[in-house]
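The values are calculated or read from the model by the stated rules, or taken from the named source; none is laboratory data. Note that this is a predicted model, so its numbers are computed, not measured. Counting neighbours? That spans all protein chains shown, and the Cβs are built from the backbone with ideal geometry, glycine included.
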Amino acid sequence: MNAGRPINRILVIKLGAMGDIVQATGPFAAIRRHHSDAHITLLTTKLFGDFARAGGWFDDVWIDDRPSWRELRSWVASLKRLRGGKFDRVYDLQTSDRTAILFHLFGIDRKPEWSGTVAGCSHRHTNPQRDFIHTIERQAEQLGVAGITEVPPPNLDSIKSDVGRFELASPYVLLIPGGSPHRPDKRWPANNYAELARRLLAREITPVVIGGTAETQIASAIATFCEGARDLTTQTTMVDMVELSRGAAGAVGNDTGPTHVIATAGTPTLALFSHASDPDLCGQRGPDVTILRRHPLDDLSVDEVEASLRLR
């Protein structure tokens with residue numbers, strides 16, 4: 001399997017974001033299978049630590065506090081920990097400027113084999129079109145350079161959670177009206193989600209709004225307009241989202257992290273895209289995903305969304 005030195009200790013780097021973490025679960029599984037006897041550590045950020053531990057792909061999960069460039073002491077501590085890991089190979093699935101710096105900080109004498117894009121690494125992915133292919137295919141190509149030729153699609157079957165505390169009665173549909181605060185053009189209007197929620201309730205289907213702190217105001221407005229809707233914003237972890245998806249009849253969401261989670265979990269998912277992102281490069285993948293795209297998203301009617309929503 002490995003023509004050179006034994007690969008006993010491996011570091012996988014994937015810092016975020018949520019959708020990217022979900023789409024890396026196929027590579028996580030492929031690395032685990034390819035190096036079945038190795039000790040594998042993931043370096044990620046705090047938001048995704050519990051999710052990564054629940055997946056069973058890694059022997060250890062390290063949290064990167066992402067110090068700023070001015071926090072020299074934190075960088076020294078991070079470097080000391082990385083060098084102390086005595087890694088034989090690194091799979092850099094983040095391939096950012098930050099991880100390129102980590103590559104160089106290892107130093108010549110302690111530098112492990114490295115799968116990534118940084119100049120000088122041992123297993124460099126050099127496809128000049130890598131930024132123009134979907135994340136999933138891009139990562140599979142990168143792993144192929146390192147000898148991992150079989151990469152399964154993203155899969156969340158190993159993620160389990162007890163969501164009984166939410167007391168959700170079936171049928172229910174998950175609504176994901178949020179997205180990056182600095183990317184408002186990726187959001188379908190909140191009043192459209194409210195109208196869709198009202199129509200679902202009229203069909204005796206409970207609309208359930210999920211998201212983070214940035215979505216609490218939207219969820220509150222939907223619940224006010226549509227008595228009977230459930231507001232679970234800020235209450236669900238990433239692991240909870242997976243389990244809630246298994247019980248959902250369907251889902252509608254913007255191009256944002258939770259929509260990736262739900263689609264990958266197998267829920268019939270309707271993902272709404274504007275000109276601000278390209279589904280050919282970052283679209284949700286799963287057993288039952290429909291993508292609607294409009295420029296701008298305001299032009300996408302509630303009628304069309306309702307008609308396109310598939311329920312199980």
Which residue is farthest from residue 123 (Cα to Cα), if the candidates are limited to region 148-179 and must be more than 17 Å from the chain's Cα centre (by Cα) and charged (D, E, K, R)? 167
Looking at 237, 233, which is the one that is at pLDDT 95 or above and buried (at least 19 other Cβ atoms within 10 Å of the Cβ)? 233
Check residue 276 against each of (1) surrounded by fewer than 22 Cβ atoms within 10 Å (Cβ to Cβ); (2) in contact with a Ser or Thr (Cβ under 9 Å, 6 or more places away or on another chain); (3) not hydroxyl-bearing (Ser, Thr, Tyr) and name the one condition it does not meet. (2)
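Return yes when residue 261 is assigned by TED's automatic domain parsing to the domain that holds residue 197, crowded, with 22+ Cβ neighbours inside 10 Å and either modelled with pLDDT of 95 or more or part of a helix (DSSP H, G or I) (or both) and no when it is not.
Considered against the rule, which asks whether it is assigned by TED's automatic domain parsing to the domain that holds residue 197, crowded, with 22+ Cβ neighbours inside 10 Å and either modelled with pLDDT of 95 or more or part of a helix (DSSP H, G or I) (or both), residue 261 comes out as yes.
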Within the set of pairs 6+ apart or on separate chains, which have a first residue in region 300-312 that is assigned to a loop (DSSP other than H, G, I, E, B), a second that is exposed (fewer than 15 other Cβ atoms within 10 Å of the Cβ) and not β-branched (Val, Ile, Thr), and C-beta atoms under 9 Å apart? 310/288; 312/288
Could you figure out which of (1) without any contact (Cβ under 8 Å) to a residue 40 or more places away in the chain; (2) in a helix (DSSP H, G or I) isn't true of residue 27? (1)
Given the criterion in contact with a helix residue (DSSP H, G or I) (Cβ under 9 Å, 6 or more places away or on another chain), among the aliphatic types (A, V, I, L, M), surrounded by 13 or more Cβ atoms within 10 Å (Cβ to Cβ) and modelled with pLDDT under 95, identify the matching residue among 190, 197. 190
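Would you pick out the residues in region 152-185 that are outside any loop (DSSP other than H, G, I, E, B) and either modelled with pLDDT of 95 or more or within 23 Å of residue 287 (Cα to Cα) (or both)?
Taking region 152-185 first, the residues outside any loop (DSSP other than H, G, I, E, B) are 164-166, 172-176, 184-185.
164, 165, 166, 172, 173, 174, 175, 176, listed by residue number.
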Per the filter on region 249-258, residues assigned to a loop (DSSP other than H, G, I, E, B) and surrounded by fewer than 24 Cβ atoms within 10 Å (Cβ to Cβ) are 249
